[in-house]
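Input: a single structure, listed below in structure tokens.
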Amino acid sequence: MKPICFLFLMMLACQLGFSQTQYSSNNRSAIKSYEKARYQLDLNNFKEAEDELKIAIKQDEKFIEAYLLLADVYRVTFDNLNAKAAYKNAFAINPNFAPDRYFYYAESQLKTGDYQEAKQNYQLFKDKAHPASDKMALADKYIEDCVFALKAIKNPVNFKPENLGPGVNTKEEEYFAALTADESTLIFTRQINRNEDFYRSFKTDTGYTTAKYLSDNINTPNYNEGAQCISPDGQYLFFTGCNRPDGFGRCDIYISQKEGTNWSKPLNLGFPINTKGWESQPSLSADGHTLYFVSDRRGGLGSYDIWKSVLQADGKWGVPDNLGSTINTPFDEQSPFIHPDNKTLYFSSNGWPGLGNKDIFISRLDTSGNWGKPLNLGYPINTYGEENGLTINASGTKAFFSSNNFNGFGGFDIYSFDLPQNLRPEAVNYVKGIVFDAETKQKLSATIEIIDLKKSESIYASMSDVIDGTFLATLPGNKEYSINVARDGYLFYSENFSIKKNTVGKPILLEVPLQKIAVGKKVVLKNIFFDTNKFDLKPESKTELEKMIDFLIENPKVSIELSGYTDNVGDDAYNLELSKNRAKAVFNYLVNNKIAANRLSFKGYGKTNPMSTNSTEEGRANNRRTEFLITKVGD
């Protein structure tokens, strides 16, 4: 900040620093103090300059140049209240002395919520300043902000922020909250003695636990870590690191993976994500395929723009794309948050009409893949202060943000509030499970993949936790899914489930027992589908069939029997034939995909060996199934 302030104040002092006979004051002592202030500005000493200007004004209360220079010292050091007062005093003496300064007078009013007065003074600037001023267009923009703000204040949205409490907030600064899909884990930035580090807190029935230092692998004593996001399953942390030895530019984006109870050493994402410029504030889509972030790289529309990069098939991040003029402006857009629905984006901007400084906006992706016009979240969520760093929970009902506008524990605290209905994203649900050995009950790390059955599209792929075997995935509602779990030395596990719109908010909990590969062990193929009374494989079966092929390729010494079963409805002979033909259909698919026929057999069992009762529809559905049985392991 200081170099910018220095250059600006030098230009300002030159403009106001005429020879002694041209000052508005004839008081030599006042002029001497004024020129001492200019000298202090040469040294970048703002406080000393402020003190000398106050002395000059005390010696001559009509010294306009001293008021104006003092006002600008306040303004560029972000003391807008005092800046506003100093400008007011200057223009009270002579309203025509420096008409270009009406722009900054209005700015100090805009940034303190005096919208009506700011609007009037922006108009005075337009009326009095030179028509060729490069700030004419800006004045129009800020007048639009004032008009918007006055209207927004008359139509406030519901807003009742709640402090997250002493487990999270302290006398230090806490901000940039990030949480897992089940809201069980909160990771945030805490600043102590100007050093930023990550802390973690867990949610309980009574609030949040006392936050603990996240990890020495990520936090450093000499560099700042902040502006983070966590993947919905809590396994990956993307964050901003500045001025690190392995950095490409001033600030870069890094990734760390959870390793049991600790985190891995961070990895710089490298080019093309990071450049010689400034990259920060990452936000990862729920499927892990798209990374949104802020950059000042070339090709943007403003000083800071929001960009996105898509993960490629080779595991590398693609060349980033600018989100375009629907989102970005010639000003600053920052703090993107992509909700787990993958189509609702929240971000901060001082380019779109707002209440001053940066406001938070929402934009929704349409069915054509285009972002809609940003909508201001409204007053009092947005104020004349700077709002950013918004995070929304998976159900879309609650927002988390940081603020120093309330009576908290000190400085910036983290708060939550209920999001108004029209500002909510599409609610998503999550599936949470635990993988373990079926016999020993030991928790296992395994590969988890969840498939959208209708699209045959993988929407989640990760590993269960190496310590406790858990996994967590966010999923859109009103869809049918299959889940496949695999680990070397074990039979794979499959299941299918649906999330209806009316079940969003009710998480699906799964227990996944894995069986070691051994003769006599069997797997129910939950994602092999046939139409009623038919034995043609439905397209939705492809994913499961490919998993079987992978299993047989990875375990070349395993032979299996494919077993078909029906319920007890209908003729026994018909059911026996139908079950055999269904098992044969799977057999044929495997053989046609280069699995040796001598490793496979098939058999129909009809209505025998039911898994569930045949007296209910659900039970009969469970009994209509295809299994594979291990018949041989080894030579």
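Since every read-out is calculated from the coordinates, none of them should be taken as a lab result. Everything quoted here is computed from the prediction, not taken from an experiment. Here the Cβ positions follow ideal geometry from the backbone for every residue, glycine too, while neighbour counts run over all protein chains shown.
Can you give the charge dipole size of the chain about its Cα centre, rounded to the nearest 20 debye, using +1 on the beta carbon of Lys and Arg and -1 on the beta carbon of Asp and Glu?
Details: 73 positive and 78 negative charges, 117 e Å.
In debye, rounded to 20, the chain gives about 560.
DSSP beta bridges fully contained in segment 427-516 are about 80 percent antiparallel.
Among 557/607; 441/521; 316/432, which pairs are too far apart, with a Cα-Cα distance over 23 Å? Let's see the in-between values first.
Working: 557/607 31 Å; 441/521 17 Å; 316/432 28 Å.
Beyond 23 Å between Cα atoms: 557/607; 316/432.
Taking other C-beta atoms within 10 angstrom as a stand-in for reagent exposure, 134, 42 fall in the order 134, 42, fewest first. Here's the list of aspartates and glutamates a cross-link from residue 443 could span, going by alpha-carbon distance under 16 Å and ignoring same-chain residues fewer than 8 apart: 259, 465, 468, 488, 511. For segment 422-427, the Karplus equation 6.51 cos²θ - 1.76 cosθ + 1.60, evaluated at θ = phi - 60°, returns couplings of 6, 9, 8, x, 6, 5 Hz by residue, with Gly and Pro reported as x.
Ordering 524, 319 from the fewest to the most neighbouring beta carbons within 10 Å gives 319, 524. Sequentially through segment 224-237, phi angles give Karplus couplings (6.51, -1.76, 1.60; θ = phi - 60°) of 9, 10, x, 6, 9, 9, 10, 4, x, 8, x, 8, 10, 10 Hz, Gly and Pro residues having no value and appearing as x. The residue 406 and residue 546 beta-carbon pair, evaluated with R₀ = 60 Å, returns a calculated FRET efficiency of approximately 0.65.
Out of 616, 325, 423, whose Cα points farthest toward the positive end of the dipole of the chain (charges: +1 Lys, Arg; -1 Asp, Glu; placed on Cβ)? Positive-end residue among those listed: 616. The mean sequence separation of alpha-carbon pairs under 8 Å and at least six residues apart, normalised by the residue count of the chain, gives a relative contact order of 8 percent.
Using C-alpha pairs below 8 Å separated by at least 6 residues, the relative contact order for segment 2-154 is 15 percent.
I need the helices of the chain that pass two filters: whole DSSP H segments spanning 27 Å or more by Cα along the axis, and mean Kyte-Doolittle score no lower than 0.0.
On the way: long enough: 136-154 (28 Å, 0.62); 572-592 (30 Å, -0.41).
Helices passing the filter in the chain: 136-154.
Placing +1 on the Cβ of every Lys and Arg and -1 on the Cβ of every Asp and Glu, with no other charges, gives segment 374-433 a dipole of roughly 220 debye about its Cα centre.
Quick one: length gained pulling residue 594 to residue 193 fully straight, 0.36 nm per residue minus the C-alpha distance? Write down the numbers at each step before the final one.
Details: separation 401, 0.36 × 401 = 144.36 nm, distance 6.43 nm.
Contour length minus Cα-Cα distance gives 137.9 nm.
Here the extension length gained between residue 509 and residue 205 equals 107.5 nm, from 0.36 nm per residue of separation less the Cα-Cα distance. Each residue of segment 178-189 was assigned a 3J(HN,Hα) from its phi angle through the Karplus expression (A = 6.51, B = -1.76, C = 1.60, θ = phi - 60°), giving 9, 9, 6, 4, 8, 6, 6, 10, 10, 10, 9, 9 Hz with x at Gly and Pro. Counted over the chain, the DSSP beta bridges are approximately 90% antiparallel.
Each Cα pair under 8 Å and six or more residues apart adds its sequence gap; the mean of these over the residue count of segment 427-516 is a relative contact order of 38 percent.
Compute the Cα gyration tensor for segment 167-294, then decide on rounded, prolate or oblate, letting a ≥ b ≥ c be the square roots of its eigenvalues: rounded whenever a/c is under 1.5, prolate when a/b is larger than b/c in the other cases, and oblate in all that remain.
Working: a/c = 1.90, a/b = 1.34, b/c = 1.42.
Cα axes put segment 167-294 in the oblate bin.
For segment 162-423, just say rounded, prolate or oblate: build the C-alpha gyration tensor, square-root its eigenvalues into a ≥ b ≥ c, call rounded for a/c under 1.5, and beyond that prolate if a/b exceeds b/c, oblate if not. Cα axes put segment 162-423 in the rounded bin. With helices as the sole contributors, the chain gives -8000 deg cm²/dmol at 222 nm; each DSSP H run of n ≥ 4 counts as -39500 (n - 2.57), and the sum is divided by every residue.
What is the fewest-to-most order of 34, 490, 122 by other Cβ atoms lying within 10 Å of their Cβ? Let's see the in-between values first.
Details: 34 30, 490 20, 122 27.
By the 10 Å Cβ count, ascending, the order reads 490, 122, 34.
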